[in-house]
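First up is the structure itself, then whatever we jot down about it.
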Amino acid sequence: MKYVCWVFVGAAIMTAQAWAIWPAQPLPLDGTPWTTHAGATARPPPLPRQAKVHRVEQPDGTAVYTSTLSVVAPTHPRYAVHLSLEAVYVVTSAPGEGAVRHSLGSDYLLSLLHGGAAPVQAAFITADGNMRRLGDGAYEQRVVATQVQALTGKPVMAGHLSLQAQYRALLTAGTDFALTHGLMLGAALTPEQMLKMKRDMVWLVEYPVSMPDGSVRAVLVPQVYVLRREEWR
């Protein structure tokens, strides 16, 4: 596998068949829309700043894009942040909305994996043996949509009718890939694993999340991997 490295505008881009890293813009995960001056809603910038976007080129000319995230608990009133070490979801959405109550989340992937393989004593496993997630289904769908927007320019990719339908398809694809290639919960895909991807997917990757009280929690975050032929824009 060939590695090439360029340096420009202070950012390194490596291709291993191409492993690339770009600087990024903040991810709006606090419930607010992307805005410009005077509060006008705008299309988000092409890259998040609290993330690094990576590209792995496959031999057939396609490329897999994903991002490394920097996660901070939201402060928007529509979300509750749970400081308890035993909380399964660090962030939960405002109750009372049917869409929130019935939002598909990463429990769907874990049910398909029958729990899934995780490292012994992983930091994201609570004392009760539960896998601590960044958020409930509604919040996870926003996290996924924000990544998809940054990677493709739209929050919902072609072929999906809604955020929930998209998330279900990505989780199903992630489950299939995990069962085929023996993925470990919490571990991001390696460049070699990304070379084997055949469709867009989500996998649960461990990240530290900064809490309002200054503490840090290890959580599982849905990380998006998209497969594209076109060049990065």
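Observations, loosely collected:
- Sites Ala80 and His160 - FRET efficiency at Förster radius 25 Å, r taken between beta-carbons, to 0.05: 0.30
- Amide H contacts of Ala63: Gln58, Arg228, Arg229, each under 5 Å away and 5 or more positions distant or on a separate chain (H built 1.01 Å from N in the peptide plane; Pro and chain starts excluded).
- Highest-first packing order for the peptide set 56-67, 205-216 is 56-67, 205-216, based on the mean count of other beta carbon atoms within 10 Å.
- One chain, two ends: Thr190 and Ser111. Fully extended at 0.36 nm per residue, the span grows by 26.0 nm beyond their Cα-Cα distance.
- Listed by Cβ neighbour count within 10 Å, with the fewest neighbours leading, Lys154, Lys52 appear as Lys154, Lys52.
- Applying 1/(1 + (r/R0)^6) with R0 = 35 Å to the Cβ-Cβ distance of Val216 and Ala94 gives a FRET efficiency near 0.90.
Every number here is computed from the coordinates shown, using simple stated rules; none is lab data. Being a predicted model, the structure only gives us computed values, none of them experimental. Don't worry about glycine lacking a Cβ; one is built from the backbone with ideal geometry, like all the others, and counts go over all protein chains shown.
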